[in-house]
Amino acid sequence: MTIEKRSAQLLGKVDFDATNSFSQAFLDYIAQKPELEPFHGLPPEIASFKSQLENRTFSTSTRSIVSSALTHQYDGLETSEATVANINHLKSADTFTITTGHQLNIFTGPLYFIYKIVTVINACKKLKETYPEYNFVPVYWMASEDHDFDEIDHFTYGGRKFSWDTDQTGAVGRFDPASIKPIFDEISMPEFFKEAYLKHQTLAEAARYYVNALFGDEGIVVIDADDADLKRIFEPVIKEDVFKNTPNVLVNESNTSLEKIGYKAQVFPREINFFYLKENIRARIVKNESQFSVLDHDIHFSESELMAEIEAHPERFSPNVVLRPLYQETILPNLAYVGGPSELVYWFQLKEVFSHFNTDFPILLPRNFAGVLTPNLLKKIEKSSLSFEEIFIAADMLIKDKVKSNTAHDLELTQQLEDIKNLFSKVSVQAEKIDPTLEKLVLAEQRRAEKAIQKIEGKLLKAEKRNQETLVNRIYDIKEALFPNGVPQERKDNFLNFYLTNPKFVELCLESFDPFDLRFHLISNE
């Protein structure tokens, strides 16, 4: 077992490849397979940051614009000294960011949202210890321009799904969260959520408020890229994508190269990789024979009109998934991006786009992955004699193995099945001597006999499961807690499931997770 016990909170760690939870592309990246090297930057190790720091270039003017934009975005919000200091540090050439991004899921959405931010905070702390002459700022990039409302309109608490019903459209960060109020009538929420949603005008403002409430003392900086000053920095990329379609060509070439070595593309570029963003609209820009149009809207531009629109209002052009990473790295002095398996893998497709626009490619640092074990759940694991690796085995297979190892009876009829095969083999030889056409009959009867033995074997196992009902139910309880409805706990449950019983849950995560230990963490919520 690859388990390392460190504290009362951190119970152990399990190698990624022992969890049966990750794609081969992600595991190959963790293993630093040589064939993937052309598609990413330096490996996700703390030693890699020495070179990253020495080679990362970033303009003084952009630093000033970003720091000013953030100061404006935080205006009116009671902000921690650490966050204010970090925003000011961004003006200095010795300051760099570690960034993660996520959608504006209501009430933080799935548990791994918390893990992402914990990872960037802890990474900055570790880097400061290792490279004390620099400043490191943890950044949460809000996906405020996304328009996929169905992906963020719900969360799961206590096994129940809670949803926000609104008919607002466009970029979700601009939504008015007032209509979220009915959810507060069903759950006793922490005060900071009430302040966030009921006293702020937009979903982006609400998200900044609660992230600041949870992590402000750690110096987290929340950035909303739906900002005219920040978009102005990205204007050259907007023009080249819209009028020359260069990213489309480059990403497709990378996709072909990745497919040749056995990896499938995660995202697919378009001829134009920008949406038109205005009021309650976020819709694709498409090129027709003689003009540019905004899909599904009566908005059209000639080439000269669109050029003028970009120059006058760059904030109206919102990058899709292909160019959002480039936008991020264009406006932030970033060293590493923290993300999940699918996120990091799609960055492999973008390396040539970064090269073309002379933008440094960040280190791709996996976020922390974790399972939270309540004291009751931990007792069930111990009573079931399960190792931490075993809890990742599929429920039916795990129960079968444990029932077999916990019984005094022989539940397998392997030898009997082999005896039947040998018997029918002899019968087949004897029958063929008399009449060769009897071979098919003998084979058919053999199959019937084998199926009968296999059926009996299944009945034996089923009967023994009934005899060990307590063990079986215990294992099902463990699997349902850590994989509700077959989905990993961190992708299904909301952090309120643990925070409401333990208000120090965020601190527990900060103390337990190591951002540079690329294993699955198991922690106790005590």
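The values are calculated or read from the model by the stated rules, or taken from the named source; none is laboratory data. Not measured: the values here are computed from a predicted model. So basically every Cβ, Gly included, is an ideal-geometry build from the backbone, and we count neighbours across all protein chains shown.
Hey, any hits in region 23-31 for a residue that's under 27 Å from PHE520 (Cα atoms) and either among the hydroxyl-bearing types (Ser, Thr, Tyr) or more than 26 Å from the chain's Cα centre (by Cα) (or both)? Steps first, answer last, please.
Pass one, region 23-31, residues under 27 Å from PHE520 (Cα atoms): 23-31.
If we keep only those that are either among the hydroxyl-bearing types (Ser, Thr, Tyr) or more than 26 Å from the chain's Cα centre (by Cα) (or both) as well, we get 23, 29.
Within region 23-31, one or more residues are under 27 Å from PHE520 (Cα atoms) and either among the hydroxyl-bearing types (Ser, Thr, Tyr) or more than 26 Å from the chain's Cα centre (by Cα) (or both).
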**OP:** State the number of residues belonging to region 244-256 that are crowded, with 16+ Cβ neighbours inside 10 Å and within 27 Å of the chain's Cα centre (by Cα).
**Re:** 6
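Name the single residue that is surrounded by the most Cβ atoms within 10 Å (Cβ to Cβ) among those in region 286-322 being of a type in the set (A, V, I, L, M) and more than 17 Å from THR169 (Cβ to Cβ). Break it down into steps so the answer makes sense when it comes.
First, pick out the residues of region 286-322 that are of a type in the set (A, V, I, L, M): 286, 294-295, 299, 306-308, 310, 312, 321-322.
Subset that is more than 17 Å from THR169 (Cβ to Cβ): 286, 306-308, 310, 312, 321-322.
Working: VAL286: 13, LEU306: 20, MET307: 15, ALA308: 12, ILE310: 20, ALA312: 9, VAL321: 16, VAL322: 22.
Restricting to residues being of a type in the set (A, V, I, L, M) and more than 17 Å from THR169 (Cβ to Cβ), the top hit is VAL322.
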Original post:
Taking region 275-298 only, how many residues are farther than 25 Å from TYR327 by Cα and in a strand (DSSP E or B)?
Top reply: 0
Original post:
Which residue pairs have Cβ atoms closer than 7 Å, lie 6 or more positions apart in sequence or on different chains, and pair a first residue in region 345-357 that is touching a residue at least 12 places away in the same chain (Cβ under 8 Å) and closer than 21 Å to GLU235 by Cβ with a second residue that is among the β-branched types (Val, Ile, Thr) and surrounded by fewer than 19 Cβ atoms within 10 Å (Cβ to Cβ)?
Top reply: HIS356/THR246
**OP:** Could you please find all residues in region 388-416 being in a helix (DSSP H, G or I) and more than 31 Å from the chain's Cα centre (by Cα)?
**Re:** LYS400, ASP401, LYS402, VAL403, LYS404, SER405, THR414, GLN415, GLN416
**OP:** Could you grab me the full set of residues in region 18-68 that are free of Cβ contacts under 8 Å to residues at least 24 places away in the same chain, farther than 30 Å from SER92 by Cα and aliphatic (A, V, I, L, M)?
**Re:** LEU27, ALA31
**OP:** Mind listing whichever residues of region 225-243 are within 25 Å of the chain's Cα centre (by Cα) and either crowded, with 23+ Cβ neighbours inside 10 Å or hydrophobic (A, V, I, L, M, F, W, C) (or both)?
**Re:** ALA225
Original post:
Within region 210-220, is there a residue that is part of a helix (DSSP H, G or I), without any contact (Cβ under 8 Å) to a residue 40 or more places away in the chain and not hydroxyl-bearing (Ser, Thr, Tyr)?
Top reply: yes
**OP:** Working only within region 297-328, note down all residues that are of a type outside the set (A, V, I, L, M, F, W, C) and in contact with a helix residue (DSSP H, G or I) (Cβ under 9 Å, 6 or more places away or on another chain).
**Re:** GLU303, GLU309, GLU311, HIS313, PRO314, GLU315, ARG316, SER318, PRO319, PRO325, TYR327
Subject >> Tally of residues being small (Gly, Ala, Ser) and in a strand (DSSP E or B) across region 299-321 >> reply: 1
Original post:
Can you name the residue in region 399-423 that is touching a helix residue (DSSP H, G or I) at 6+ places or on another chain (Cβ under 6 Å) and more than 16 Å from GLN454 (Cα to Cα) and, of all such residues, is surrounded by the most Cβ atoms within 10 Å (Cβ to Cβ)?
Top reply: ILE399
Original post:
Do we find a residue being within 21 Å of the chain's Cα centre (by Cα), over 25 Å from ASN86 (Cβ atoms), part of a helix (DSSP H, G or I) and of a type in the set (A, V, I, L, M) anywhere in region 330-346?
Top reply: yes
Subject >> Residue selected from region 158-194 under the condition assigned to a loop (DSSP other than H, G, I, E, B) and without any contact (Cβ under 8 Å) to a residue 40 or more places away in the chain, by the criterion surrounded by the most Cβ atoms within 10 Å (Cβ to Cβ) >> reply: PHE175
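So, restricting to helices (runs of 4 or more DSSP H) that lie completely within region 417-526, which ones have at least 2 residues that are modelled with pLDDT under 90?
Working: elements: 439-467, 469-482, 489-492, 496-499, 505-512.
Correct list: 439-467, 469-482.
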Original post:
Scanning region 257-274 for residues that are in a helix (DSSP H, G or I) and over 23 Å from the mean Cα position of the chain (by Cα), which turns out surrounded by the fewest Cβ atoms within 10 Å (Cβ to Cβ)?
Top reply: LYS260
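Looking only at region 465-477, decide whether some residue is hydroxyl-bearing (Ser, Thr, Tyr), touching a helix residue (DSSP H, G or I) at 6+ places or on another chain (Cβ under 8 Å), surrounded by 11 or more Cβ atoms within 10 Å (Cβ to Cβ) and over 30 Å from ASN525 (Cα atoms). Break it down stepwise before answering.
If we filter region 465-477 for residues that are hydroxyl-bearing (Ser, Thr, Tyr), which is where we start, we get 470, 476.
So of that shortlist, the ones also touching a helix residue (DSSP H, G or I) at 6+ places or on another chain (Cβ under 8 Å) come out as 476.
Subsequent filtering for residues that are surrounded by 11 or more Cβ atoms within 10 Å (Cβ to Cβ) retains 476.
Adding the requirement that they be over 30 Å from ASN525 (Cα atoms) leaves none.
Within region 465-477, none of the residues are hydroxyl-bearing (Ser, Thr, Tyr), touching a helix residue (DSSP H, G or I) at 6+ places or on another chain (Cβ under 8 Å), surrounded by 11 or more Cβ atoms within 10 Å (Cβ to Cβ) and over 30 Å from ASN525 (Cα atoms).
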Original post:
What residue, among those in region 103-157 that are within 14 Å of the chain's Cα centre (by Cα) and charged (D, E, K, R), is surrounded by the fewest Cβ atoms within 10 Å (Cβ to Cβ)?
Top reply: GLU151
**OP:** Those residues that are out of contact with any Pro (no Cβ under 9 Å at 6 or more places or on another chain), closer than 30 Å to LEU111 by Cβ and in contact (Cβ under 8 Å) with a residue 60 or more places away in the chain, I need them from region 451-482; list them, please.
**Re:** LEU471, VAL472, ARG474, ILE475, TYR476, ASP477, ILE478, LYS479, ALA481
**OP:** Go through (1) out of contact with any helix residue (DSSP H, G or I) (no Cβ under 8 Å at 6 or more places or on another chain); (2) under 26 Å from GLU151 (Cβ atoms) and name the single condition LEU482 misses.
**Re:** (1)
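Considering only residues that are over 26 Å from LYS492 (Cα atoms) and either part of a helix (DSSP H, G or I) or touching a strand residue (DSSP E or B) at 6+ places or on another chain (Cβ under 7 Å) (or both), which ones fall in region 99-133?
As a first pass, look at region 99-133 and keep what is over 26 Å from LYS492 (Cα atoms): 124-133.
Matches in region 99-133: CYS124, LYS125, LYS126, LEU127, LYS128, GLU129, THR130.
Would you confirm, using the coordinates I've provided, whether LYS351 is under 26 Å from PHE483 (Cβ atoms) and either surrounded by 16 or more Cβ atoms within 10 Å (Cβ to Cβ) or hydrophobic (A, V, I, L, M, F, W, C) (or both)? Walk me through how you get there before you give the answer.
Working: under 26 Å from PHE483 (Cβ atoms): no; either surrounded by 16 or more Cβ atoms within 10 Å (Cβ to Cβ) or hydrophobic (A, V, I, L, M, F, W, C) (or both): yes.
Against the criterion (under 26 Å from PHE483 (Cβ atoms) and either surrounded by 16 or more Cβ atoms within 10 Å (Cβ to Cβ) or hydrophobic (A, V, I, L, M, F, W, C) (or both)), LYS351 does not qualify.
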**OP:** Please give the number of the condition SER385 fails out of (1) more than 28 Å from PHE39 (Cβ to Cβ); (2) part of a helix (DSSP H, G or I).
**Re:** (2)
